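K.L.:
One structure coming up, written as structure tokens, with questions to follow.
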Amino acid sequence: MNYEPSPVGDVEARPNGDRWTLVFVRDLKHPPDKVWGALTQPDQLTRWAPYTADRDLGGTGGAVLTMIDDESSVDLPAEVIHAEPAKLLEYSWGDDLLRWELAATDTGTQLTLLHTVRDKDMVPKIAAGWHLCLDVADHLLDGDPIGPIRGSEAVDYGWTELNSRYAAKLGIPDTGLPEHLT
């Protein structure tokens, strides 16, 4: 695959009680309805996200998101808490909380992801991972799919450099690869 990561995006790390929230903003040149489909429909999620879903995430209720890393996979329980089509999607994913906010712009959609985790050191790592995933989603929405970049293979597509750059931007020490990838 001939792929180069897009420039580092607009991010922030916010304390959230005993947890941390990554705020990741990305402008997409696609309308909110199209972006919504990529966020909720299993056949699209499997083509860009770090997980697959056992059902359409466009409605509230339980789900299973299967995290994929090379040949292995892990099923994690999820609960869709809010689903307002083309505007807001919020769900738990294991111990994490993900909130996707979509706002129409003159050129498409401003997508804001708020991803809440326990460990502050994970925030730049998560930013680097979502960066790659959203690059892939953007290609998919353009009609030019490049295939998902997941797990340890992300290192081959610029994850390490993105992690370092997001760590510097967020003022969080770069602690390298997550334990499960070393």
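K.L.:
Consider residue 123 against the criteria (1) in a strand (DSSP E or B); (2) under 13 Å from the mean Cα position of the chain (by Cα); (3) modelled with pLDDT of 95 or more: it satisfies all of them except one. Which criterion is unmet?
P.N.:
The one condition residue 123 does not meet is (1).
K.L.:
Right, next: Would the range 102-124 turn up any residue that is of a type in the set (Asp, Glu), over 25 Å from residue 158 (Cα atoms) and surrounded by fewer than 17 Cβ atoms within 10 Å (Cβ to Cβ)? Talk me through it step by step, then tell me what you get.
P.N.:
Residues of the range 102-124 of a type in the set (Asp, Glu): 106, 119, 121.
Restricting the remaining residues to those that are over 25 Å from residue 158 (Cα atoms) gives 106.
Then drop every residue that is not surrounded by fewer than 17 Cβ atoms within 10 Å (Cβ to Cβ), which leaves 106.
Yes, the conditions are met somewhere in the range 102-124.
K.L.:
Still on this model: Inspect the range 73-92 for any residue being assigned to a helix (DSSP H, G or I), modelled with pLDDT under 95 and closer than 23 Å to residue 40 by Cα and give the result as yes or no.
P.N.:
So in the range 73-92, the residues assigned to a helix (DSSP H, G or I) come out as none.
There is no residue in the range 73-92 that is assigned to a helix (DSSP H, G or I), modelled with pLDDT under 95 and closer than 23 Å to residue 40 by Cα.
K.L.:
Okay, moving on. Scan the range 141-160 and report the pairs whose first residue is on the phi > 0 side of the Ramachandran plot and whose second residue is in a helix (DSSP H, G or I) and of a type outside the set (Ser, Thr, Tyr), with Cβ atoms within less than 8 Å and a gap of 6+ or a chain change.
P.N.:
Hits for this filter: 147/136; 151/181; 158/132.
K.L.:
Would a scan of the range 22-29 turn up a residue that is surrounded by fewer than 20 Cβ atoms within 10 Å (Cβ to Cβ), within 14 Å of residue 129 (Cα to Cα), under 13 Å from the mean Cα position of the chain (by Cα) and at pLDDT below 95?
P.N.:
no
K.L.:
Would you check which residues across the range 86-139 are touching a Phe, Trp or Tyr at 6+ places or on another chain (Cβ under 7 Å), under 16 Å from residue 30 (Cβ atoms), free of Cβ contacts under 8 Å to residues at least 60 places away in the same chain and not small (Gly, Ala, Ser) and list them?
P.N.:
89
K.L.:
When you go through (1) without any contact (Cβ under 8 Å) to a residue 24 or more places away in the chain; (2) under 17 Å from the mean Cα position of the chain (by Cα); (3) closer than 23 Å to residue 124 by Cα one by one for residue 41, which number turns out not to apply?
P.N.:
Tallying (1) without any contact (Cβ under 8 Å) to a residue 24 or more places away in the chain; (2) under 17 Å from the mean Cα position of the chain (by Cα); (3) closer than 23 Å to residue 124 by Cα, residue 41 fails exactly one: (3).
K.L.:
Take the residues of the range 1-43 that are of a type in the set (Ser, Thr, Tyr) and outside any helix (DSSP H, G or I): which is nearest to residue 155 (Cα to Cα)? Give the derivation first.
P.N.:
Within the range 1-43, the first condition is being of a type in the set (Ser, Thr, Tyr), and the residues that meet it are 3, 6, 21, 40.
From the residues that got through so far, the ones that are outside any helix (DSSP H, G or I) too are 3, 6, 21.
On the way: 3: 13, 6: 15, 21: 23 Å.
Only one residue fits best here, namely 3.
The values are calculated or read from the model by the stated rules, or taken from the named source; none is laboratory data. These figures come from a predicted structure and were not determined experimentally. Using ideal geometry, Cβ is built from the backbone for each residue, glycine included, and neighbour counts are taken over all protein chains shown.
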